[in-house]
Every structure is written in C-alpha cells, then in structure tokens.
C-alpha cells in the first residue's frame, strides 16, 4: 500500500525570560504554571505511551530561553515551592468545604490537591527535577525531535544587521548542543 500523505504533530513552546520577574500574573509564576499545566502532563503522557510500548513520533520546539529557564536551579526550587504551596492550599480547601457541607467544591479542591501533589511527585521522582533531561531521553529513544529557535526567539527579518542574525542563530545552536548533547536538525 502506498502512503497517501503524512501528518506531522509539532508542539512549539516558548516563554519570555521570567526568572525573578515578580509573581502573578506575568512574573515567574507564569513559568511555574506552564511547567505544572503543560510540560509535566505532556511528559507524563509521553512516558506512559513509551511504557505501554506505543511507537509514537512528534516534534516539540523548546526555545533557548525556555530551555535555560527550565534548567535554572532557582526556578526549579521556586517551582517545587509553587506546587507544594498549591497542593497545601487545595488540601485546606478540602477541609473547609467539607466543614461547610459543600461537596461539589470539596471534590474540586480534592482534584486539585491530588493534581498538584502528582505533579510534584512526577517532577521530583519521575524526572529528577530535570525536565530537559526527560525531553532529551525521549529524543534519544527516538520518540520526539526537539526543535530550537534563535537565541531570544526574535523575528529575524526585523533585525537590522546580518551579524545580529548570525549571532542569534549561533547562540541558539550552542545552547541546544549544551542542553541536548547534539546539533539541532
């Protein structure tokens, strides 16, 4: 049978530099939310598929700025605090709604308590606080291809000088090599 076509599943991820940029709504918590609500659930799903023997392929773009933040020890510590704090808040809400006799809100709070606790467990135990390493292992196992971008995810045609463009690309490639142990494709 000849193939009719192909489907390419590409996820692109980028967040501006948010390290120590304050808190909600546009500070470092923005990155913590992305870790909790996007990267950890995605990694859990991909590793679960791998464990089930599913042969899958997808491409995920991780910009150099995002990669550097995901590997930053301070951001990692802040994320652990963020997830633990939210799990504790949700646990307190479970008790409060239980006392009020509000079962629907108690159930929602219970869901979020378990959800944040599971995220924290995945982050610390399953991935050893190393999301980039987790993505890299999936790439090394042939399940994903990690794409990159220019260093600051800038729109290159708007840069005034060719030297700026070359510097952006060179820095992006160097960051990829450092984080993923190979040249980007």
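The values are calculated or read from the model by the stated rules, or taken from the named source; none is laboratory data. Since the structure is predicted, the reported quantities are computational estimates derived from the model, not experimental observations. Every residue, glycine as well, gets a Cβ built from its backbone with ideal geometry; the counts of neighbours run over all protein chains shown.
Condition first: in contact with a strand residue (DSSP E or B) (Cβ under 8 Å, 6 or more places away or on another chain) and in a helix (DSSP H, G or I). Now tell me which residues in segment 47-69 satisfy that. Listed by number, the list holds a single entry, 66. When residues in segment 141-177 are screened for being within 24 Å of residue 47 (Cβ to Cβ) and loosely packed, with under 13 Cβ neighbours inside 10 Å, 2 of them pass.
Which residues, counting only those in segment 117-173, are assigned to a loop (DSSP other than H, G, I, E, B), farther than 29 Å from residue 87 by Cβ and modelled with pLDDT of 95 or more? Give the derivation first.
Here is the first cut: in segment 117-173, the ones assigned to a loop (DSSP other than H, G, I, E, B) are 127-130, 141-143, 148-155, 159-161.
Next, from what is left, pick out any that are farther than 29 Å from residue 87 by Cβ: 141-143, 148-155, 159-161.
Across segment 117-173, the qualifying residues are 141, 142, 143.
Total residues in segment 108-138 satisfying the condition of being surrounded by 15 or more Cβ atoms within 10 Å (Cβ to Cβ) and within 15 Å of residue 48 (Cα to Cα): the figure is 9.
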